[in-house]
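Chemist: Just passing along the structure, written as structure tokens.
The values are calculated or read from the model by the stated rules, or taken from the named source; none is laboratory data. This structure is a prediction, so every number in the text was calculated from the model and none was measured. Neighbour counts are summed over all protein chains in view; Cβ atoms, including those assigned to glycine, are modelled from backbone coordinates with ideal geometry. All accessible areas refer to the heavy atoms of the entire protein, side chains included, with ligands and DNA or RNA removed. Shrake-Rupley method; radii C 1.70, N 1.55, O 1.52, S 1.80 Å.
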Amino acid sequence: MEKLADLTSKILGMPVLASKHGGDVDKLIIYVHWLMGALFIGWILYFILVLVKFNRKSNPKADYVGIRGHASNYIEAIVALVEGVLLIGFAVPLWAHAVDRFPTAEDHPIKLKIVAQQFAWNVFYPGPDGEFGAQDMSLITADNPWGFDKSDPKGKDDFIAPEGDIHVPVDRPVIITITSKDVIHSFKVIAMRVTQDAIPGVRIPLHFTPTKVGVYQINCAQLCGVGHSSMANGRIHVDTQADYDKWLAGKAKSGGGAQSFE
Ligand SMILES: [Cu+2]
């Protein structure tokens, strides 16, 4: 089954996979394709059967009773059973993983905040201390557009990743809290098999664990305006832990601090 799934993945041209849970997402997609393929063949066979069995030559007179066998009931039951297995066995656990089973402090997750806007991703890092400084809407001014509380010591080392470039270490869970500054956007990283709408006024967390070092594209999956396509310039750089530490240290040296948000 595993080999057949790999082959199907190649036939379907599935995109690069670089996250831990992504394999299960792909499996669900592949199994749904198998079911759809079986239904496609089944309906075509049924169509041919109907053409042959119920044509005018073999049925010159209409039959008011119709089919007496129970084959269709059995087939229907089997299809419903397969659909039930896909739903309960694959889709529900995936959903539970996405919304319920967030990494805990013991998993040492990387925590980020993303604020989408027309047409860019503002990526906030908590800095070496791993904690974000306080934010409050009432603090928003022309020179403090994100409303950071500059008296909060936790915020001193926070920084914003330039040009929507995210750096994360490989094999460590990433939790991103997503919101939007203006319209509805959608944070989508195909390689990580994650998609989450960015909605103004709502902060929604998502999580994934990157498994492959590399650079992956971020897409906006909601048509958000004329510059929508330029949101695809965002990148996730999955680094080795050493490279990530180096990058983080460089950021800390460059000043960091809530001031750098201005
Ligand atoms: Cu967008």
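Chemist: Run the reach check for Lys212 against aspartates and glutamates, Cα to Cα strictly under 19 Å, same-chain hits fewer than 8 apart removed. What comes back?
Modeler: Of all the aspartates and glutamates, those that pass the test against Lys212 - Cα under 19 Å, at least 8 places apart if same chain - are Asp6, Asp24, Asp26, Asp107, Asp165, Asp171, Asp239, Asp243, Asp245.
Chemist: May I pose another question? For the chain, set up a GNM with springs between Cα atoms under 10 Å and report which of Ile44, Ile236, Ile88 has the largest fluctuation.
Modeler: Ile44
Chemist: Right, here's the next one. Counting chymotrypsin sites (Phe, Trp or Tyr not before Pro) as exposed when in a DSSP loop with at most 14 other beta carbons within 10 Å, what is the longest stretch of the chain free of them? Present the calculation step by step, with values, prior to reporting the outcome.
Modeler: On the way: sites that count: Phe54, Tyr64.
With a cap of 14 other Cβ atoms within 10 Å, the longest stretch comes to 65-262.
Chemist: Using a 1.4 Å probe over the heavy atoms of the protein chains, calculate the carbon and sulfur portion of the accessible area of the range 15-163 as a whole percent.
Modeler: Numbers: 6750 of 10120 Å².
After summing per-atom areas, the C and S share lands at 67 percent.
Chemist: Counting each pair of different Cα atoms once, what's the Kirkwood radius of the chain in Å, rounded to one decimal? List each step's numbers first, then the result.
Modeler: Values: mean 1/r = 0.0458 Å⁻¹.
Hydrodynamic radius (Kirkwood, Cα only) of the chain equals 21.8 Å.
Chemist: Separate question: Determine the dipole magnitude for the chain: charges of +1 sit on the beta-carbon of Lys and Arg, -1 on that of Asp and Glu, nothing else is charged, the reference point is the Cα centre, and the result goes in debye to the nearest 20. Let's see the in-between values first.
Modeler: Values: 25 positive and 27 negative charges, 281 e Å.
Taking the Cα centre of the chain as origin, the dipole is about 1340 debye.
Chemist: Of the options Met1, Val189, Phe119, report the single residue whose Cα projects farthest towards the positive end of the charge dipole of the chain (beta-carbon charges: Lys, Arg +1; Asp, Glu -1).
Modeler: Most positive-ward Cα: Met1.
Chemist: Which trypsin sites (Lys or Arg not before Pro) does the range 91-129 hold that lie in a coil by DSSP with at most 11 other beta carbons within 10 Å? Could the numbers behind the result be given before it?
Modeler: On the way: sites: Arg101, Lys111, Lys113; in loops: Arg101.
Qualifying residues, ordered by number: Arg101.
Chemist: With the chain treated as a Gaussian network of Cα nodes joined by springs under 10 Å, which of Asp239, Asp171, Asp107 yields the largest mean-square fluctuation?
Modeler: Asp107
Chemist: Then there is this: Among Lys20/Lys154; Lys111/Lys156; Lys113/Lys188; Lys20/Lys111; Lys20/Lys188, which pairs are too far apart, with a Cα-Cα distance over 20 Å? Working shown, then result.
Modeler: On the way: Lys20/Lys154 31 Å; Lys111/Lys156 16 Å; Lys113/Lys188 15 Å; Lys20/Lys111 17 Å; Lys20/Lys188 16 Å.
Check vs 20 Å cut-off fails for Lys20/Lys154.
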